[in-house]
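Comments concern the structure below.
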C-alpha cells in the first residue's frame, strides 16, 4: 500500500506568484518532475494538497488514518528523505519555527484543519543541519535549481532501466547520460551530455538539425523543432514545443516557443505562446543585479542574480517580434504585442504593449483559452473557469488603467 502524503502550501505561495495563481506550489516543475511527483517517487506515495481555497476544488485533499504532510516548498534531499521515512507518529521536522514535515493521524489532521492545535506533536529542529534543506521560495529558484534537480530526477527515473535505442543518424557525446523513453524520436541531432544528462520522454521528438548541450529534460510529447539550440539546464514540459535558442529555462507544460528568438533564465507556465522572434534579455547592459516584481512585497525586489529573464503566468501570449527587458514578470492571461519594450511588470489580463494596456476581458480570454486547450484535446473545465475568474477579479488592483476609467 502506498504512503499517503499531503503537500501543504505556506505563506510562500504568494512569493511564487504569478506561477502559483493557477496551481499549488507542489505542482511547479523543476528538473523533470513536479515537486509532488518527486515526493511520490521517492516515498512510493500518492499525494494530495492543502492549498488556497479557490484552488482546492481542482486540487483536493485526501486524508487517511496515517498521513505524512510535507511543506510544498521543500525539495527532496537524501538527508531529509531519511528523516521523513523515520518519522514516528506525532513527530514533526522543523526549520526553526517553520514546519517542513510531520506524521499525523486523521484525528490530528482534523485538529490542524480546525486550528485547535496539536499539543502532543514532537518536533525535530534541523535548521542547523547544512545540506538538508533546499526550498523553492521565489520563481527564479526554479531555474536556479533546475540543473541539480534534473540530475536527481534523471537518476531516479532511469535507475535499473535501459534506454530506447538511439538512431545512428545522430552525433552523440557521452551516451551513458542520454535516455530515451518509449516512442521518443531523435534524428540527425547533436546531443552532448558531458555537461549534464539528456532525458527524452515518452513520444517526445527532437527534429533534425537540433543541437543540445545538457542538461535537458523533455517531458512526454514535447518537441524540439528543426534546428533548435538548447543550453542546459532546460526543461521542456509535457506537450510543449520549442524552437530557436533556449538556455536554463523551464516551460511547465503545454506551452510553445515554436520559432526563432532567445529565451534564457526564464520560467513559463502552462498554455503560454511566444510569437515568432520573441526575445528575452537575461542580463542588464551594466551587469547589475536584477530586480524582479514581487507580489509579496508589492514592489521590485532584489534577486541576488545577474542573470534573470522572463517569468510568465499561465495562458499568456506574445505577438511576433516582442521584446522583454531583463527581469520581466507577466501575469496570467496577458496578451502582449507591438514594438518597443513593455514594462517590466505586466499584470494579469493585460492587453497591449509598450504603447499602453487595456483590460483583456474575462469572457474573451476564457473563449481563447478554451480554443487553445481544445487543440490539444484538453477541456477547459468549470474548475478552470472558476480559478481564472477568481484571478481576474483578484488582480484588478494591479491594472491601474482601470482606476483611471480607461
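The values are calculated or read from the model by the stated rules, or taken from the named source; none is laboratory data. Predicted, not measured: the structure shown is a model, and the values here were computed from it. FYI the Cβ positions are ideal-geometry reconstructions off the backbone, even for glycines, and counts take in every protein chain you see.
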Selection status of residue 342, surrounded by 23 or more Cβ atoms within 10 Å (Cβ to Cβ) and more than 22 Å from the chain's Cα centre (by Cα): yes
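Looking only at segment 18-39, count how many residues are part of a strand (DSSP E or B) and in contact (Cβ under 8 Å) with a residue 12 or more places away in the chain. Full working, then the answer.
First, pick out the residues of segment 18-39 that are part of a strand (DSSP E or B): 29, 34.
Restricting the remaining residues to those that are in contact (Cβ under 8 Å) with a residue 12 or more places away in the chain gives 29.
So the count comes out to 1.
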Residue among 69, 93, 124 that alone is surrounded by 19 or more Cβ atoms within 10 Å (Cβ to Cβ), more than 30 Å from residue 385 (Cα to Cα) and not assigned by TED's automatic domain parsing to the domain that holds residue 303: 93
Hits in segment 251-260 (condition: outside any strand (DSSP E or B) and either out of contact with any strand residue (DSSP E or B) (no Cβ under 7 Å at 6 or more places or on another chain) or over 13 Å from residue 241 (Cβ atoms) (or both)): 259, 260
Single condition residue 108 does not satisfy, out of (1) touching a residue at least 24 places away in the same chain (Cβ under 8 Å); (2) buried (at least 18 other Cβ atoms within 10 Å of the Cβ); (3) out of contact with any strand residue (DSSP E or B) (no Cβ under 6 Å at 6 or more places or on another chain); (4) in a helix (DSSP H, G or I): (1)
Of the criteria (1) more than 18 Å from residue 104 (Cα to Cα); (2) touching a strand residue (DSSP E or B) at 6+ places or on another chain (Cβ under 8 Å); (3) buried (at least 18 other Cβ atoms within 10 Å of the Cβ), which one residue 49 fails: (1)
Single residue of segment 305-330 satisfying the filter (buried (at least 21 other Cβ atoms within 10 Å of the Cβ) and more than 13 Å from residue 292 (Cβ to Cβ)) that is farthest from the chain's Cα centre (by Cα): 322
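Residues are listed down the side, and each one gets a yes or a no for (1) buried (at least 24 other Cβ atoms within 10 Å of the Cβ); (2) under 26 Å from residue 177 (Cα atoms); (3) not assigned by TED's automatic domain parsing to the domain that holds residue 341:
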{"residue": "225", "(1), (2), (3)": "no, yes, no"}
{"residue": "234", "(1), (2), (3)": "yes, yes, no"}
{"residue": "248", "(1), (2), (3)": "no, yes, no"}
{"residue": "252", "(1), (2), (3)": "yes, yes, no"}
{"residue": "265", "(1), (2), (3)": "yes, yes, no"}
{"residue": "278", "(1), (2), (3)": "yes, no, no"}
{"residue": "281", "(1), (2), (3)": "no, no, no"}
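So that you can scan it fast, the table gives a plain yes or no per residue for (1) in the same structural domain as residue 249 (by TED's automatic domain parsing); (2) within 20 Å of residue 351 (Cα to Cα); (3) in contact with a helix residue (DSSP H, G or I) (Cβ under 9 Å, 6 or more places away or on another chain); (4) assigned to a loop (DSSP other than H, G, I, E, B):
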{"site": "289", "(1), (2), (3), (4)": "yes, no, no, yes"}
{"site": "292", "(1), (2), (3), (4)": "yes, no, yes, no"}
{"site": "296", "(1), (2), (3), (4)": "yes, no, yes, yes"}
{"site": "301", "(1), (2), (3), (4)": "yes, no, no, no"}
{"site": "311", "(1), (2), (3), (4)": "yes, yes, yes, no"}
{"site": "315", "(1), (2), (3), (4)": "yes, yes, yes, yes"}
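Results for (1) in contact with a strand residue (DSSP E or B) (Cβ under 6 Å, 6 or more places away or on another chain); (2) closer than 30 Å to residue 91 by Cα; (3) at pLDDT below 95, shown as yes or no for each residue.
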{"site": "129", "(1), (2), (3)": "no, yes, yes"}
{"site": "152", "(1), (2), (3)": "no, yes, no"}
{"site": "169", "(1), (2), (3)": "no, no, no"}
{"site": "173", "(1), (2), (3)": "yes, no, no"}
{"site": "182", "(1), (2), (3)": "no, no, no"}
{"site": "189", "(1), (2), (3)": "yes, no, no"}
{"site": "193", "(1), (2), (3)": "yes, no, no"}
{"site": "198", "(1), (2), (3)": "yes, no, no"}
Checking residue 42 against (1) in contact with a strand residue (DSSP E or B) (Cβ under 7 Å, 6 or more places away or on another chain); (2) not in a loop (DSSP other than H, G, I, E, B), the condition it does not meet: (1)
Strands (runs of 3 or more DSSP E) lying entirely in segment 322-406 (those with 2 or more residues that are touching a residue at least 40 places away in the same chain (Cβ under 8 Å), touching a strand residue (DSSP E or B) at 6+ places or on another chain (Cβ under 8 Å) and closer than 20 Å to residue 275 by Cβ): 328-330, 356-359
